[in-house]
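Novice: Take this structure first; my questions come after.
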Amino acid sequence: MSTHAIAVVPGDGIGIEVIREGRLTLDTLAEVTGGAITWEFEDFPWGCQYYLDHGAMMPADALPTLEQFDAIYLGACGFPSVPDPISQREMILLIRQSFQQYANIRPVRTWPGVPSPLAAERLQGVDFICVRENSEGEYAGAGGRVHRGTDHEVALQTTVFTRTGVERVIRHAFQLAERLGRRAVTNVTKSNALQFAPVFWDEVFDEVAREYPDITTDRSLVDACAARMVRDPQTLDVLVASNLFGDILSDIGGALMGSLGVPPSANLSPGTAYPPMFEPVHGSAPDIAGQGIANPMAAIWSAAMLVDHLGHPDAAALLLDALADVTRAGTRTVDLGGTASTVEFGAAVRQALRTRAS
């Protein structure tokens with residue numbers, strides 16, 4: 001029996017609703033696997049409401065507290081009444097950077113019964129992974145503003161690429177491709193117009209690629225890659241990109257899958273003792289929070305990634321198969337053109353798990 005301590009941070013808005021379904025599904029997974037996996041969950045009510053009540057997104061001891069867990073399961077953060085730079089930088093980005101979660105993994109695949117904006121023939125064989133640098137780059141927070149409120153006001157936002165940061169995420173992309181039997185890694189860049197940081201990224205990519213001669217490589221400018229994701233998504237296998245480029249491209253991946261309610265993500269810190277963090281790609285969606293219509297698919301898929309990362313690939317595969325059973329049967333939430341509520345979709349996945357395990 002394996003027991004895992006999980007810090008649960010539902011966050012704000014629909015994060016609370018979808019993480020509830022994900023956690024219940026993890027409990028069911030433990031049940032149907034005969035107790036081979038057990039969970040020790042601890043909830044932390046951090047986020048924008050905590051900020052409004054206490055003046056901070058998390059308490060001062062949040063990071064050392066989270067560090068004691070095997071993994072973090074996060075919902076979403078954001079309120080209209082709390083500026084985004086506060087809600088993002090003082091919680092999610094703080095955790096990612098403090099815990100060196102430099103590899104953000106966002107898979108893209110088609111799901112049976114889930115409609116996509118693309119024609120069916122363009123979706124044949126779509127199954128790729130976005131590996132996003134997650135700790136520096138465009139989101140490093142380097143820069144500033146001077147002469148505020150004057151005609152001479154200046155704002156600088158500086159991209160930070162370190163050799164350590166670039167090399168480790170590119171190497172992780174190749175190692176992931178090798179481990180999963182993937183055939184190719186695409187380097188997403190913009191070195192035709194940005195002559196310093198992206199050119200440096202390209203040079204490091206070429207150096208690392210020489211260590212993996214059995215994996216095919218190619219280079220794609222980020223704008224061309226965006227078009228390729230729409231025109232020929234089945235030609236992609238593993239993408240590796242900077243923080244900003246990976247963020248944007250993986251949202252296109254969500255659109256290909258039908259909704260941002262579908263894609264999951266893992267924030268990993270390979271080679272360190274820090275806990276990983278798993279979360280849906282979507283935000284807190286305050287416009288639909290409390291209506292019971294949020295799609296918990298991304299939260300449940302993120303839970304499957306958590307299970308797999310903690311060393312239970314068969315259980316993770318069982319959960320993904322159950323998820324596919326539900327979508328194949330036509331159970332879909334409103335964002336996917338269906339009528340199922342958040343709770344109804346989660347309950348359907350849990351029933352599919354029990355059916356598969358019986």
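No lab work stands behind these numbers, since they all come straight from the coordinates. Computed from a predicted model, the values in this text were never measured in an experiment. A quick note on method: Cβ atoms are made from the backbone with ideal geometry, for glycine too, and the neighbour counts reach across all protein chains shown.
Novice: Does region 117-256 come out rounded, prolate or oblate, given a ≥ b ≥ c as the square roots of the eigenvalues of its C-alpha gyration tensor, rounded meaning a/c under 1.5 and, failing that, prolate meaning a/b above b/c?
Specialist: Note, shape of region 117-256 comes out oblate.
Novice: Continuing with the same structure: When ranked by the protection proxy of mean other Cβ atoms within 10 Å per residue, highest first, what sequence do the peptides 348-355, 121-128, 290-297 form?
Specialist: Result, highest mean first: 290-297, 348-355, 121-128.
Novice: Among L63, L319, L26, rank each residue by its count of other Cβ atoms within 10 Å, from fewest to most, as a rough exposure measure.
Specialist: Going from sparsest to densest Cβ surroundings: L63, L26, L319.
Novice: Charges only on Cβ, +1 for Lys and Arg, -1 for Asp and Glu: so what's the dipole of region 126-202 about the Cα centre, in debye to the nearest 20?
Specialist: 260
Novice: Still on this structure: Do any GluC sites (Glu not before Pro) in region 127-184 lie in a loop, going by DSSP, with at most 15 other beta-carbon atoms within 10 Å of their beta carbon, and if so which?
Specialist: E153
Novice: Under the rule of -39500 (n - 2.57) per DSSP H run of 4 or more residues, summed and divided by the residues of the chain, what mean residue ellipticity at 222 nm is obtained, to the nearest 500 deg cm²/dmol?
Specialist: Rounded to the nearest 500, it is -12000 deg cm²/dmol.
Novice: Taking θ as phi - 60°, what are the ³J(HN,Hα) couplings along region 19-30 by the Karplus curve (6.51, -1.76, 1.60), each to the nearest whole Hz, with x for Gly and Pro?
Specialist: With the stated coefficients, region 19-30 comes to 5, 4, 5, x, 5, 4, 5, 5, 4, 5, 4, 4 Hz.
Novice: So how do R23, R109, R356, R210 line up by other beta-carbon neighbours within 10 Å, fewest first?
Specialist: R210, R356, R109, R23
Novice: Right, next: Would you grab the residues whose amide H sits under 5 Å from the one on F41? Only those 5+ places off in sequence or on another chain, please, with H modelled 1.01 Å from N.
Specialist: Under 5 Å from the amide H of F41 lie the amide H atoms of I6, each far enough along the sequence or on another chain.
Novice: Using DSSP, restrict attention to beta bridges with both residues in the chain and report what percent are antiparallel, rounded to the nearest 5.
Specialist: Antiparallel bridges: around 40 percent, rounded to the nearest 5.
Novice: Moving on. Roughly how many Å is it from the Cα centre of region 254-291 to that of region 143-187, as a whole number?
Specialist: Here the answer is 19 Å between Cα centres.
Novice: I need the shape label for region 1-55. Rule: rounded when a/c is under 1.5, else prolate if a/b > b/c, else oblate, with a, b, c from the alpha carbon gyration tensor.
Specialist: Oblate shape, in that a/c is at least 1.5 and b/c is the bigger or equal ratio.
Novice: Still on this structure: Report ³J(HN,Hα) in whole Hz for each residue of region 51-57, in order, from the Karplus equation J = 6.51 cos²θ - 1.76 cosθ + 1.60 where θ = phi - 60°; Gly and Pro get x.
Specialist: With the stated coefficients, region 51-57 comes to 4, 5, 7, 10, x, 8, 5 Hz.
Novice: Oh, and also: Tell me, what is the percent relative contact order of the chain, built from C-alpha pairs under 8 Å that lie six or more residues apart?
Specialist: Averaging sequence separation for qualifying contacts and normalising by length gives 23 percent for the chain.
Novice: Treat the count of other C-beta atoms within 10 Å as a stand-in for reagent exposure and order M58, M91, M1 from fewest to most.
Specialist: Ordered by Cβ neighbours within 10 Å, fewest first: M1, M58, M91.
Novice: What share of the DSSP beta bridges in region 117-256 is antiparallel, in percent to the nearest 5?
Specialist: Bridges in region 117-256 that DSSP calls antiparallel: roughly 30 percent.
Novice: Right, another one. Through the Karplus equation 6.51 cos²θ - 1.76 cosθ + 1.60, θ set to phi - 60°, convert the phi angles of region 89-100 into ³J(HN,Hα) values in whole Hz; use x for Gly and Pro.
Specialist: 6, 9, 9, 5, 5, 5, 5, 4, 6, 5, 9, 6
Novice: Using unit Cβ charges (K, R positive; D, E negative) and no other charged atoms, how large, in debye to the nearest 20, is the dipole of the chain about its Cα centre?
Specialist: 600
Novice: Over region 117-256, what is the mean sequence separation of C-alpha contacts under 8 Å (at least six apart), divided by residue count, expressed as relative contact order in percent?
Specialist: With pairs under 8 Å counted, the relative contact order is 39 percent.
Novice: Let me ask you something else. Would you mind putting 238-248, 73-83, 195-205 in packing order, based on average other-beta-carbon counts within 10 Å, highest first?
Specialist: 238-248, 73-83, 195-205
Novice: Related question: Compare the Cα positions of G254, M229, A155 along the charge dipole of region 117-256 (+1 at Cβ of Lys, Arg; -1 at Cβ of Asp, Glu; about the Cα centre) and return the one farthest towards the positive end.
Specialist: It is G254.
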